[in-house]
Each structure stands twice: as C-alpha cells, then as structure tokens.
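Step one of this worksheet: look at the structure below.
The values are calculated or read from the model by the stated rules, or taken from the named source; none is laboratory data. Because the structure is predicted, anything quoted here is derived from the model rather than measured. So basically every Cβ, Gly included, is an ideal-geometry build from the backbone, and we count neighbours across all protein chains shown. Surface areas here come from the heavy atoms of the whole protein model, side chains and all, with no ligands, DNA or RNA. Shrake-Rupley method; radii C 1.70, N 1.55, O 1.52, S 1.80 Å.
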Amino acid sequence: MIKVVGLHKYFGKNHVLKGIDLAVAKGSVVCLIGPSGSGKSTLLRCVNLLEVPDAGQVLIDGADITASKGNIHALRAEAGMVFQRFNLFPHMSVLNNITLAPMKVRQVPRAEAERQARETLRRVGLEEKADAYPKQLSGGQQQRVAIARALAMRPKLFLFDEPTSALDPELVGEVLDVMRGMAREGTTMVVVTHEMGFAREVADRVLFMDDGLILEEGAPAEIFSQPRNPRTKLFLDRVLRQNGGEQTGDGPIGE
C-alpha cells in the first residue's frame with residue numbers, strides 16, 4: 001500500500017530524513033517509535049505531501065504521488081491524517097466538520113455526506129454528538145471526531161501523528177480503543193506513537209527511528225524483547241522505565 005524509496009528531506013541545512021526506505025503492506029499496522037526530532041512526523045507528512053520530499057519516491061497503491069501532476073488535495077485524500085492537535089473548525093458543528101471535505105474534495109452530495117458522517121460517528125462512539133460544537137467536547141471526543149473526519153473521506157490508508165500526545169492521561173484510552181477497532185477491521189495504518197503498550201499490542205511491525213534514519217524494524221516481540229541496535233535498547237529502557245518498569249532483552253530497565 002505504501003512504498004517509500006530513498007526519501008530525503010531538508011529544512012534549510014538540517015537534513016531531517018536521510019534516505020528512508022519503507023514498505024507497508026495493505027491491511028497492516030506499522031508503528032514508528034523513537035526520540036523527538038528523529039524525523040518520524042516529517043516522514044508521515046511526506047507520505048501525504050504536506051511536506052514535499054527533496055529526493056526519493058512515495059508510492060501509494062502503486063501510484064508515485066511525488067511525480068504526479070494531479071490535484072494535490074485528491075492525492076492527500078488517499079492518505080487520511082490525524083494530527084496531535086484536533087484541528088476541528090470551532091465555528092462548525094461536528095457533523096459539518098466531517099462533511100466538509102467529502103463534499104468539497106470528493107464531490108459527495110450533502111445527503112450522502114451526512115449519512116456517511118453519521119456512520120463514522122457511530123463507529124467512534126459519538127453518534128449523539130453530531131450537532132455539538134468542538135468547544136462542547138472533551139479532548140478525547142474531539143480527537144475521535146478528527147478520526148471520524150478522516151474515515152469519512154474513505155482513504156486507502158491512515159497516518160496518525162502522535163494522536164494521544166495532546167490528551168490528558170484519562171482520555172488516551174478512548175482514542176486508542178477506536179484505533180484498535182480500526183486495526184481489527186484491517187485498516188492500513190502508520191502510527192507515530194509514544195504509547196509503547198499500544199505498539200506492542202496492535203502493530204504488525206515496529207520501526208525505530210533516530211537522526212533521520214530507520215535504525216531497526218521488526219515484529220513487536222522482537223523490538224521490545226530483544227532489540228538488536230544499542231540505540232533502540234537505550235531508548236526503550238528509558239521510555240519503558242517511565243511507563244512502569246517493563247523489561248527489554250535480558251536485563252532490567254535502565255535509567
């Protein structure tokens with residue numbers, strides 16, 4: 001579903017992505033982990049052309065979007081993105097937030113767009129909030145609306161950029177539950193996350209990034225139990241200790 005070949009991205013003199021190669025199979029869940037500033041979010045943004053790569057290719061379902069001269073909004077519509085912040089329009093109801101893009105980008109008639117919006121709200125457990133406004137919702141509810149908005153576009157895949165990082169701890173679970181449901185349905189997902197428990201439970205593959213490179217990838221059991229790269233182990237030791245003292249490899253969690 002996604003193929004990234006030799007991807008490079010600079011911001012000025014800062015070489016953020018240094019030749020990334022990545023393949024994501026249809027229906028799989030790939031979690032990107034790593035320290036802040038490692039290039040994870042930039043990689044996601046390049047996949048749906050919110051950032052234009054300086055070199056390399058991004059193919060979605062066989063189509064090279066980096067070489068396409070087509071409508072950039074239509075290309076982005078194939079890769080639904082959910083951000084750290086909810087980015088809902090505060091002056092619009094939940095229903096109108098969800099129907100706007102299908103009507104404008106997909107040319108879906110209003111009646112059908114509203115039907116689809118209510119269906120996606122049902123999927124995220126917020127059908128009764130269709131007429132509410134964002135300020136009337138909790139942070140977790142707003143993020144679930146953001147997921148419903150992405151679902152309504154019927155994209156081929158979903159990109160999640162730390163979707164729970166802006167939430168209070170007690171609200172994280174409701175968003176992760178929606179994402180677990182999507183994974184069970186066979187939705188293709190690439191998720192940048194610091195939720196190691198979610199990555200261990202849901203991902204088919206986990207990729208560890210640092211300094212613009214993918215240093216290690218594998219099944220969750222391999223990455224979390226027997227990381228091969230010393231930098232991966234150091235990162236997991238620190239993160240998992242903060243999250244309650246799990247173990248990696250053959251030794252205790254450090255620092």
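Hey, with R₀ at 22 Å, roughly what FRET efficiency would Val52 and Asn87 work out to, going by the Cβ-Cβ distance, to 0.05?
After rounding, the FRET efficiency stands at 0.60.
Going by amide H atoms built from the backbone, whose H comes under 5 Å of the H on Asp210, apart from near neighbours?
Counting only residues 5 or more places away or on other chains, the set is Leu215.
Only Cα pairs within less than 10 Å get springs; with that Gaussian network setup on the chain, which residue of Ala23, Ala113, Ala199 has the largest fluctuation?
Ala23
Given a cut-off of under 8 Å on Cα pairs at least six residues apart, what relative contact order in percent is computed for segment 119-174?
It rounds to 39 percent for segment 119-174.
Send over the semi-axes of segment 160-228's equivalent ellipsoid, whole angstrom and largest first, taken as the square roots of 5 times the C-alpha gyration tensor eigenvalues.
So the equivalent ellipsoid measures 21, 14, 11 Å along its semi-axes.
In nm, to one decimal, how far is the Asp177 label point from the Ser138 one, both placed 7 Å along Cα→Cβ?
1.0 nm
Hey, could you get me the Stokes-Einstein D for segment 116-196, Kirkwood radius over alpha-carbon pairs, 37 °C and 0.692 mPa s, rounded to whole µm² s⁻¹?
Result for D is 253 µm²/s.
Tell me the Kirkwood hydrodynamic radius of segment 50-184 in angstroms, computed as one over the mean inverse distance between distinct C-alpha pairs.
After inverting the pairwise mean of 1/r, the radius is 15.6 Å.
Could you work out how far the C-alpha centroid of segment 130-167 sits from that of segment 99-117, in angstrom?
17 Å
Pop out the carbon and sulfur fraction of the accessible area of the chain as a percent, whole number, probe 1.4 Å.
Ligands and nucleic acids excluded, carbon and sulfur reach 48 percent.
Which one, Gly212, Ala23, Cys46, projects farthest toward the positive side of the charge dipole computed for the chain from Cβ point charges (K/R +1, D/E -1)?
Farthest towards the positive end: Cys46.
Roughly how big is the chain's charge dipole about its Cα centre, with Cβ charges of +1 (Lys, Arg) and -1 (Asp, Glu), in debye to the nearest 20?
820 debye
Suppose each label sits 7 Å from its Cα in the direction of the beta carbon; what would the Arg115-Asn14 distance come out to in nanometres?
Simple spin-label model gives 4.7 nm for this pair.
Rounded to two decimals, what is Rg over Rh for the chain when you use alpha-carbon atoms and the Kirkwood radius?
When Rh is taken as the Kirkwood radius, the ratio is 0.98.
If you bin every alpha carbon distance in segment 148-191 into 10 Å steps from zero, what whole percent lands in each bin?
P(r) over segment 148-191, rounded to whole percents: 25, 58, 17, 0.
So how far apart, in nm, are the two label points at Met103 and Ala67 if each is 7 Å from Cα heading toward Cβ?
Taking the simple label geometry, Met103 and Ala67 are separated by 3.8 nm.
Using a 1.4 Å probe on the protein heavy atoms only, what accessible surface does Lys233 show? Give it in Å² to the nearest 10.
So the heavy atoms of Lys233 present about 60 Å² to solvent.
If the cut-off is 21 Å between C-alpha atoms, which lysines fall inside it for Lys40, apart from same-chain ones fewer than 8 positions away?
Hits, sequence-local ones excluded: Lys3, Lys9, Lys13, Lys18, Lys26, Lys156, Lys233.
How much mean residue ellipticity at 222 nm does the chain get from its helices, if each DSSP H run of length 4 or more adds -39500 (n - 2.57) and you divide by all residues, to the nearest 500 deg cm²/dmol?
Computed ellipticity for the chain at 222 nm equals -11000 deg cm²/dmol.
For the chain, what does the accessible surface come to per residue with a 1.4 Å probe? Please give it in Å².
Per residue, the chain has 46 Å² of solvent-accessible surface.
Work out, in µm²/s and without decimals, the Stokes-Einstein translational diffusion coefficient of segment 66-133 at 4 °C, 1.567 mPa s, Rh from Kirkwood over C-alpha pairs.
Translational D for this selection: 98 µm²/s.
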